[in-house]
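The values are calculated or read from the model by the stated rules, or taken from the named source; none is laboratory data. In this text the structure is predicted, and so the values were computed from the model without any measurement. A quick note on method: Cβ atoms are made from the backbone with ideal geometry, for glycine too, and the neighbour counts reach across all protein chains shown. Ligands, DNA and RNA are stripped out before the accessible areas are found, and what is left, the full protein with its side chains, is counted by its heavy atoms. Shrake-Rupley method; radii C 1.70, N 1.55, O 1.52, S 1.80 Å.
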Amino acid sequence: MKTQHLRPAQDGRLPEPTCGTAFAPALAGRCRWRARFPLAVAAFPCGVLALGILSVALTNGRVGVGAQATDAPGPATVIVRADQGRHTIHRNIYGHFAEHLGRCIYEGIWVGEDSPIPNVRGIRQDVVSALKRLNLPVLRWPGGCFADEYHWKDGIGPRAQRPAMINTHWGGVTENNHFGTHEFLDLCEQLGTEPYICGNVGSGTVQEMMDWVEYMTADADSPMANLRRQNGRDRPWRVRYFGVGNESWGCGGNMRPEYYADEYRRYSTFVKNYGTNRIYRIACGANSADYNWTEVLMREAGRRMNGLSLHYYTIATGNWSRKGSATVFTEADWHATLRRTLTMDELIAKHGAIMDRFDPDKRVSMIVDEWGTWYDVEPGTNPGFLYQQNTLRDALVAALNFHIFHNHSDRVRMANIAQTINVLQSMILTDKERMLVTPTYHVFEMYKVHHDATQLPAEVACAQYRLGDHALPQVSASASRAPAGALHLSVANLDPNRAAPLVCQFEGFTPKRAAGRVLTASVMNAHNTFDQPRQVEPRALEGVAVADGKVQVTLPPMSVAVLALE
Ligand code: AHR
């Protein structure tokens, strides 16, 4: 069966620079970005801007990041205000998402107990070992669109007796339900990660959702807890994160926000706390720039939720019917992909501003529970399986997204890249018994130092990376202080042609030593293959110098680096 995944148009358009009318008299010959965007993407339709300055000021005083891109020669500077950190970069920003889609669960995670691939209770161990190196904080499952057609009771009990179903969203393949609640929570225990379960609102009942929570978390002498015991698990699991539907504006039921808000209120009422387990209820949030959805949800149900989700994918072309290749692309595609990635900042700022009106204390978290690049599938693979390669470009996309999430850590407390294995912007690709880790994986590994660290304002002044009519700041940076005291600075050079000499200065901190690692390559589409799995991997960053309280280093073209400073 051939299925097509339909998705409402996503607003991948870039914010327009405010050249011309509003600011023209004041700026005379310069182009100034609205102060809302801490990291700006510049398109320069106005010729007068050739020698102009792109200036981006503080987002809201709390975000505390400014970036200035100019055409002036000289090194980029990063000023880290080490004495001004206020918000924690929640480790869950480094969260993941695994859906019953293509070869993510089956083959990627689940090989079955009888497989020749080494496994523990059916879960492949090469993948578990690789993911453990990322300190995976949280894992979202079973979907995605799949969540709203998943009936959890079909996925418990003896596997041979579990009923099958058709996975209508993803390739129309038969789902045998061999990977269900016990297997997923076993995976989470093997990984040491928090489960984030997404419940079925679209085609499931309130009773079904209520029973699932009782089955997983109740310790009492109750029907569902006893059913769980009968299936071999005595102790309840701890399940903190629970999503009430997925993309209810689309594949989850095509609901209007008013209707979903009422459904959310009804379903979430029966998502109960049993014993000491405390559920963090996450409502389905907007599709990219659908601000009305956020407005209605916050107004009608904001007080009943702990988190509101947001989905935004980077589509290099901005066109869902021709998304472009993951590996065969031009510099224009590279530039456009990075520009569209920075749209994430605008989306978070605008949705966040709406949330602020209803929730000024920021009690409700923004949960970006699907993000990442989405290209055309690899030639010759099932179009419903969303299998794509992963290059250095994806590593840059990951780094930029993390910098944006860090900057918004006062509101964004979880993000889940789509998806962990063999689907979209993956950490891992598998081919039967072989596996490789992707450039994106390496960014997650290098950025572990930011987990639960205090976000520090970092202001960047740098050259522009221009291509045709478009310009981007060449350098993006983010800094944090780890709970144990170490300071870390992650930096990305977006320009594939020019190195970026960097001078880092600090307020409230005097570095004595610095060392780092860098992820780079000689071509934009460098990637790992099963025959050459180590083409792209981090290496030591050479030439880091510390003197007079400053750190100097030159970033290679198209690179992501993380520095540890003492
Ligand atoms: O991640 C792939 C799909 O993208 C998810 O199933 C859905 O939620 C989104 O449209």
*Selection count, the range 317-349, where residues are within 16 Å of the ligand (Cβ to nearest atom), part of a loop (DSSP other than H, G, I, E, B) and in contact with a helix residue (DSSP H, G or I) (Cβ under 8 Å, 6 or more places away or on another chain)*: 1
*Look at R229 and say whether it is among the charged types (D, E, K, R), outside any helix (DSSP H, G or I) and open to solvent by 20 Å² or more (accessible area, probe 1.4 Å).*
no
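Picking from G102, G108, which residue would you name as being open to solvent by 10 Å² or more (accessible area, probe 1.4 Å) and under 14 Å from T420 (Cα atoms)?
Only one candidate passes the filter, namely G102.
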*Could you grab the pairs with beta carbons closer than 9 Å, sequence gap of 6+ or different chains, first residue in the range 534-548 and on the phi > 0 side of the Ramachandran plot, second one open to solvent by less than 100 Å² (accessible area, probe 1.4 Å) and part of a strand (DSSP E or B)?*
G543/Q552; G543/V553; G543/T554
*Residue that is nearest to I109 (Cα to Cα) [pool: residues in the range 419-434 that are touching a strand residue (DSSP E or B) at 6+ places or on another chain (Cβ under 6 Å) and not polar (S, T, N, Q)]*: I421
*Subset tally (residues that are among the charged types (D, E, K, R) and under 19 Å from R281 (Cβ atoms)) for the range 351-404*: 6
*Please tell me if P142 is modelled with pLDDT of 95 or more, closer than 20 Å to D211 by Cα and within 16 Å of the ligand (Cβ to nearest atom).*
yes
*For the range 111-125, enumerate the residues that are among the charged types (D, E, K, R) and either under 18 Å from E175 (Cα atoms) or surrounded by 18 or more Cβ atoms within 10 Å (Cβ to Cβ) (or both).*
E113, R124
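Residue-wise test of (1) under 25 Å from G516 (Cβ atoms); (2) within 16 Å of the ligand (Cβ to nearest atom); (3) part of a loop (DSSP other than H, G, I, E, B); (4) open to solvent by 10 Å² or more (accessible area, probe 1.4 Å).
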{"position": "R363", "(1), (2), (3), (4)": "no, no, yes, yes"}
{"position": "V368", "(1), (2), (3), (4)": "no, yes, no, no"}
{"position": "A399", "(1), (2), (3), (4)": "yes, no, no, no"}
{"position": "I404", "(1), (2), (3), (4)": "yes, no, no, no"}
{"position": "T440", "(1), (2), (3), (4)": "yes, yes, no, no"}
{"position": "E445", "(1), (2), (3), (4)": "yes, no, no, yes"}
{"position": "A463", "(1), (2), (3), (4)": "yes, no, no, yes"}
{"position": "A471", "(1), (2), (3), (4)": "no, no, no, no"}
*Return the pairs, sorted by first residue and then second, in which the second residue is open to solvent by 20 Å² or more (accessible area, probe 1.4 Å), the first residue lies in the range 97-115 and is more than 16 Å from the ligand (Cβ to nearest atom), the beta carbons are less than 8 Å apart, and the residues are 6+ apart or on different chains.*
E107/K432; W110/H178; V111/I117; V111/N119; G112/N119; G112/H178; E113/N119; E113/R121
*Which of the residues that make up the range 126-136 are open to solvent by 10 Å² or more (accessible area, probe 1.4 Å) and not small (G, A, S)?*
D126, K132, R133, N135
